[in-house]
Amino acid sequence: MTVNTPLCFRGKKILAPMVRVGTLPMRLLALDYGADIVYCEELIDIKMLQCKRVINVLETVDFIAPNERVVFRTCERERHHVVFQMGSADAERALAVAKLVESDVAGIDINMGCPKEYSTKASMGAALLSDPDKIESILTTLVKGICKPVTCKIRILPSVEDTVNLVKRIEKTGIAAIAVHGRKKEERPQHPVHCDVIKAISEAVSIPVIANGGSHDFIKEYTDIETFQKATAASSVMIARAAMWNPSIFRKEGLFPLKEVMQDYIKYAVRYDNHYTNTKYCLCQMLREQLETTQGKKLHAAQSTQEICEAFEMADFYEETTAIFEAKKTSSETETQDEDDQMEDPDVIKMAVRFDKREYPPQITPKMYLLEWCRKEKHPQPVYETVQRPLDRLFCSVVTVAEQKYRSTLWDKSKKLAEQAAAIVCLRTLGVPEGKLCEGETHLINKRKREDRECLNNRDHGEDLSEPSHKKANFIAETSDMNVAKM
């Protein structure tokens, strides 16, 4: 497939992928200071495939996990510069993730260098280095399957010859560039970087080679980047720890004072609603030996983004920025509500309610009560129609009972919660108990208790529970009916 992006990997200064560090604020700051390309932290394929893509009122594109945690956040500012690094050991999963994020990033990278157990035990990271067939399968599948450039990041093998042979095989897959961390998988930052091996690779292949691993031995300021590049004969240089300590390492004019850098970082963290624990971690990496100072202790004690801002004399910035964010959020919600109102069926009975399972006994829900009431009144079972709002991916459900429709005006984060809320509106309109703990024991709860006691009695009397009794068969049938109602 033809690569239709201007991203080039020759003569570039690149922010390396770093777990917990390479989130949006750090990537944007590196770009501001002069980085040409920024890699995100490694994100695991299986986790990404569980995510839904959402456009945030922050003007970001978010990939959100089922638990509502933001797994990957990006924005237009970096779209032509950010490379999405993935942890994967499966070609088809890797392709599925690449297709999921392809329109929001400039390139896709496969991590083949992480030596940590959490990566290698799943046959990812450096574990791939011993399985060249799998490497070839993953990279070839990606190159053929997407329009954006594909890269990979490796560590060196025990011998120079084996490393060069592996890289030549990787080159044949059609990838756009290869990043080489000049250490073996068992070596750590305190071990010298093997510039000679990176140089041998650079001279053996025609694709761009990106040298990585020079922070400890070479790179202390901007001019050192060129020194490392010459020592490795590489096309480009990728910087990890030196950029983590002070991302202004990318400035041709020289390093900014650390305090100024940290304040710039905090501004991005606040503007893009970065989780305070991640913000705090990155700032601690910058402070390093200054963690025992007064400011360092304040940072260490901070338990929110607001407290972090206060520690850096940025309380006013926090208040102003969060006020703007809340105004945007309110405006967006109002616009969405107006659209909902325009589309609203005037015959639907509405209430502003949510389902909170803490208010109900275990295994008892409003949907069960509504189904029971319909049976008692000889009505058809409830019918639920659920829709998802494209703006924020929230759900709303309408339940039809006896030809009347009911819904909650509040949108929920899951289909199940939306249906329970609709059932509550119906039950409250009808004046029928909904099963809340404060209502005391009702017929349905007592019925459940009797069934549980019968089950225990049957077990005590040695009944073979694998052969359902007449009562158990009825209970199974009722349960099946309830499951149909939940569809």
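Worth pointing out:
- Y118/E320 FRET efficiency (R0 45 Å; Cβ-Cβ; nearest 0.05): 0.70
- Unsatisfied cross-links (Cα-Cα over 21 Å) in the set K116/K280; K259/K280; K252/K297; K168/K199; K367/K405: K116/K280; K252/K297
- With only Cα atoms counted, the range 348-430 has Rg and Dmax values of 12.2, 40 Å.
- At a probe radius of 1.4 angstrom, the accessible area of the chain per residue rounds to 49 square angstrom.
- Distance from the Cα centroid of the range 70-129 to that of the range 358-406 is 40 Å (rounded to whole angstrom).
- Counting only protein heavy atoms and a probe of 1.4 Å, the accessible surface of the range 348-430 is 55% carbon and sulfur.
- Heavy-atom accessible area order for L410, L287, largest first, 1.4 Å probe: L410, L287
- Rounded to the nearest 0.05, the FRET efficiency derived from the C-beta distance between K259 and Q190 at R0 = 22 Å is 0.20.
- Spin-label model, T140 to K172: label points 7 Å out along the Cα-to-beta-carbon direction sit 0.9 nm apart.
- Residue list for the range 365-390, given a label point 7 angstrom along the Cα-to-Cβ vector of K357 and an amide N cut-off under 18 Å: 365-370
- Counted charge near N278, where neighbours are those whose Cβ lies closer than 12 Å (Asp, Glu -1; Lys, Arg +1): +2
- The chain: radius of gyration and largest Cα-Cα distance (Dmax), Å: 28.7, 85
- Heavy atoms of V160 accessible to a 1.4 Å probe, total area in Å² rounded to 10: 70
- Taking each residue as 0.36 nm, the span from L437 to K416 lengthens on full extension beyond its C-alpha to C-alpha distance by 5.6 nm.
- Residue-averaged 222 nm ellipticity for the chain, from DSSP H runs of 4+ at -39500 (n - 2.57), nearest 500: -13500 deg cm²/dmol
- When the solvent-accessible area of the range 148-201 is split by element, carbon and sulfur atoms take up 51 percent of it, the probe being 1.4 Å.
- H379 accessible area, 1.4 Å probe, all protein chains in place, Å² to nearest 10: 70
- Two-decimal ratio, the range 257-338, of alpha-carbon radius of gyration to 2.2 N^0.38 Å: 1.25
- With respect to the chain, whose longest principal axis is taken over its alpha-carbon atoms, helix 415-430 is tilted by about 30°.
- For the range 348-430, a crude dipole built from +1 on the beta carbon of Lys and Arg and -1 on the beta carbon of Asp and Glu, taken about the Cα centre, is about 120 debye to the nearest 20.
- Between helix 366-376 and the chain: long-axis angle, C-alpha atoms, 0 to 90°, nearest 10: 30
- Cross-link pairs beyond the 25 Å C-alpha cut-off, checked among K267/K328; K52/K153; K47/K134; K134/K184; K350/K416; K153/K230: K52/K153
- Ordering S235, V71, A96 by the projection of their Cα atoms onto the charge dipole of the range 12-256, which places +1 on the Cβ of Lys and Arg and -1 on the Cβ of Asp and Glu, puts V71 at the extreme positive end.
- Think of each Lys and Arg Cβ as +1 and each Asp and Glu Cβ as -1; about the Cα centre, that makes the dipole of the range 111-230 roughly 360 debye.
- Between the Cα long axis of helix 160-171 and the first principal axis of the chain there is an angle of about 60°, rounded to the nearest 10.
The values are calculated or read from the model by the stated rules, or taken from the named source; none is laboratory data. Small disclaimer: the values here were computed from a predicted structure and weren't measured. Don't worry about glycine lacking a Cβ; one is built from the backbone with ideal geometry, like all the others, and counts go over all protein chains shown. Side chains are part of the model used for accessible areas, which takes the heavy atoms of the whole protein and leaves out ligands, DNA and RNA. Shrake-Rupley method; radii C 1.70, N 1.55, O 1.52, S 1.80 Å.
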